[in-house]
Protein chains: 4
Amino acid sequence: MKAVAEIQIIPIGSGTSVRPWVRRAQAIIAASDLVVQEHSFGTNVEGELETVFRVLREIHETLHAEGVVRLSSAIKIGTRTDKSPDLASKLRE
Amino acid sequence: MKAVAEIQIIPIGSGTSVRPWVRRAQAIIAASDLVVQEHSFGTNVEGELETVFRVLREIHETLHAEGVVRLSSAIKIGTRTDKSPDLASKLRE
Amino acid sequence: MKAVAEIQIIPIGSGTSVRPWVRRAQAIIAASDLVVQEHSFGTNVEGELETVFRVLREIHETLHAEGVVRLSSAIKIGTRTDKSPDLASKLRE
Amino acid sequence: MKAVAEIQIIPIGSGTSVRPWVRRAQAIIAASDLVVQEHSFGTNVEGELETVFRVLREIHETLHAEGVVRLSSAIKIGTRTDKSPDLASKLRE
């Protein structure tokens, strides 16, 4: 199933600068075949819902493996049956 | 990986009463082995992250199959390595 | 305008235990005349939208004044014109 | 208090195309003095927290006055005391 999604990660207890961890998550997303739109409150993606879940799991696993003790993520998912969901048309909506 | 999560679904274009669809999603969650805490803005769950993703996919697939044209979901996920994440201790935090 | 809302706060860079800050925010909410429903991913409230905003501002101001360097909050707001929005009926939806 | 925020609105029961209502909300935001960054899952803004609240209230009031029966909005707010919060630096984080 095709989906659009917004992914935001918030490492808790890893200092006030979360920059390195956000970049790490962005690199994991970039390594997938998802279409990517970065913005100041997260990363929007477009692709298979299954890929979105795989990327989310990899982000949580990787950041914990590399030292983040507590990780909170906020995800919005959009799916529809009348047409294929895509980031570009959402911008025009 | 163990996780706590909050799941909120918003059917778009299915009328102002989203009650039947929220109940349908709650039934799908209840049929899993996730620990469940329902509240007025969604359903909190505790269990395997993989199960959370499977339930989310099933909710999107089922509601579309049963007539929802457009579905938006908002998910928050919490994982941690210092102890097992659980809904009960979050209430005390 | 009456509203229902969900308020979640995430102090960033204040250690892995955010418990004291969440309690501080809950105390500020409790001191208002909003109807309150606490759960593991935030606090649901019911009342005047203006009061929700006032409480949010007070939470950000107070937590910063008491030492939180960086504060992220996630709020969901629901309003409707066909009937008065309330937490109890949302639970039945 | 300066803040960055993400504003997403979801009209419920107003059909599958929410485009006109999202545009209406964007126009209200654009008429304020907030710095604006639009993306596929909402609008990021930067400015006074008080202005963010005023804009949110105006969005809910205006959309209801113009026919939306039920309106859900999701807002993320970020404030910090170590430096002025801004959208541009968040993109680099």
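The values are calculated or read from the model by the stated rules, or taken from the named source; none is laboratory data. Given the structure is predicted, the values throughout are model-derived calculations rather than measurements. Virtual Cβ from ideal backbone geometry, glycine too; neighbours counted across all protein chains shown. Just so you know, the surface numbers come from the protein's heavy atoms only, side chains and all, with ligands and any DNA or RNA stripped out. Shrake-Rupley method; radii C 1.70, N 1.55, O 1.52, S 1.80 Å.
Some notes on this structure:
- Residue among B:Ile29, B:Ile9, B:Ile59 that alone is more than 9 Å from every other protein chain (Cβ to nearest Cβ), over 30 Å from A:Ser14 (Cβ atoms), open to solvent by 10 Å² or more (accessible area, probe 1.4 Å) and of a type in the set (Val, Ile, Thr): B:Ile9
- Candidate set from the stretch A:62-93 (those that are open to solvent by less than 40 Å² (accessible area, probe 1.4 Å) and without any contact (Cβ under 8 Å) to a residue 12 or more places away in the chain); member that is nearest to the chain's Cα centre (by Cα): A:His64
- Each residue in the stretch A:24-33 was checked for being among the aliphatic types (A, V, I, L, M) and more than 20 Å from D:Glu6 (Cβ to Cβ), and 4 of them qualify.
- Conditions (1) within 12 Å of the chain's Cα centre (by Cα); (2) more than 22 Å from D:Gly42 (Cβ to Cβ): number failed by C:Arg57: (2)
- Residues in the stretch C:1-41 that are without any contact (Cβ under 8 Å) to a residue 40 or more places away in the chain and of a type in the set (Asp, Glu): C:Asp33, C:Glu38.
- Exactly one residue out of C:Lys76, C:Lys83, C:Lys2, C:Lys90 is within 14 Å of chain A (Cβ to nearest Cβ) and charged (D, E, K, R): that is C:Lys76.
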